[in-house]
Amino acid sequence: MPALKKTRHEAEIVWLGTVPDREAALASTPAAMLDLSFAGPAGEDHGGETRPSCSRVLGLYPRNTPIRNTRQLSVVSEEDLSAIAAEMGLDALDPAWLGSTMVIRGLPDFTHVPPGSRLQGPDGSTITVDMENRPCTLPARVIEDVRPGFGKAFKRAAEGRRGVTAWVEREGRLTVGERLRLFIPDQRPWAELEAARAAS
C-alpha cells in the first residue's frame, strides 16, 4: 500500500536559480531550467550528497560534522514572498536575494507542508521536503546592500514564511512554467508532538 498520498494540490514553478559560490555571495543567479542529479541542482553550491552540519542541527552534531545533504534546494512560495515583502514595506522581494533555488505558486501554507512530502515534475523528477527553512541574517545582508534600510526587517517578517529545504529523490529536469504535484506522507501527526515541543 502506498505510504505517500497523491493530493489534489499542484504548484507552478515561477522562478528557478542557483547559488554558484556561496562564499562569494549568497544571491542566486536566475535560470530557465535546472538539471537535478542525486547531488542536487547542477551548478548549485549547496549541492553534494553530503554537507558540513550547520546551526539547523546543532542539537545533534558539532558544527561542520559531515552529514547527509538534505539541504540541496531552498524552495519558497510566491505567496510567502509577497507576504514577507508587504510586512517589510517593500513592493516586492527578489527571490535571488534569498539565495532561493525555486519559487512556486499555488500551494497554500507552503512553508508548513509535512516533512517528507514530495513535489514531482512532469518528467518524474522529484524533490523531498526536509523541513521548514528558518530565517537567518544572511539574506538580510543582501537585501540591505540592494535596498538600504530594509535588511534588518527581513528575519522577523520571514518567520513562518521562509519556505522549505529539500533534496533530490529522483533525477530529472525542472523548467519554469511546469507544474509540480504534491504528495504527502499518509499518516496522522505524532500524538506526542505538542508535549515534546513544550518540554524542549
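Which one is surrounded by the most Cβ atoms within 10 Å (Cβ to Cβ), of the residues in segment 158-177 that are basic (K, R) and under 16 Å from the mean Cα position of the chain (by Cα)? Among them, the one singled out is R162.
Residues in segment 178-200 that are in a loop (DSSP other than H, G, I, E, B) and surrounded by 10 or more Cβ atoms within 10 Å (Cβ to Cβ): E178, D186, Q187. Within segment 45-76, if we keep just the residues that are in contact with a Ser or Thr (Cβ under 7 Å, 6 or more places away or on another chain) and hydrophobic (A, V, I, L, M, F, W, C), the residue that is nearest to A25 (Cα to Cα) turns out to be L73. Condition first: in a strand (DSSP E or B), touching a Gly at 6+ places or on another chain (Cβ under 7 Å) and not hydroxyl-bearing (S, T, Y). Can you find one or more residues in segment 129-150 that meet it? Checking segment 129-150: at least one residue is in a strand (DSSP E or B), touching a Gly at 6+ places or on another chain (Cβ under 7 Å) and not hydroxyl-bearing (S, T, Y).
Considering only residues in segment 114-126 that are under 17 Å from D186 (Cα atoms) and in contact with a Leu (Cβ under 7 Å, 6 or more places away or on another chain), the one that is surrounded by the most Cβ atoms within 10 Å (Cβ to Cβ) turns out to be L119. Scanning segment 2-21 for residues that are more than 16 Å from the chain's Cα centre (by Cα) and touching a residue at least 24 places away in the same chain (Cβ under 8 Å) turns up P2, A3, L4, K5, K6, T7, H9, E10, P20, D21. For segment 92-113, residues that are surrounded by fewer than 24 Cβ atoms within 10 Å (Cβ to Cβ), polar (S, T, N, Q) and either modelled with pLDDT under 95 or assigned to a loop (DSSP other than H, G, I, E, B) (or both) total 0.
The values are calculated or read from the model by the stated rules, or taken from the named source; none is laboratory data. None of the values given here were measured: they were computed from a predicted structure. With ideal geometry, Cβ positions are generated from the backbone for all residues, glycine too; neighbour counts draw on all protein chains shown.
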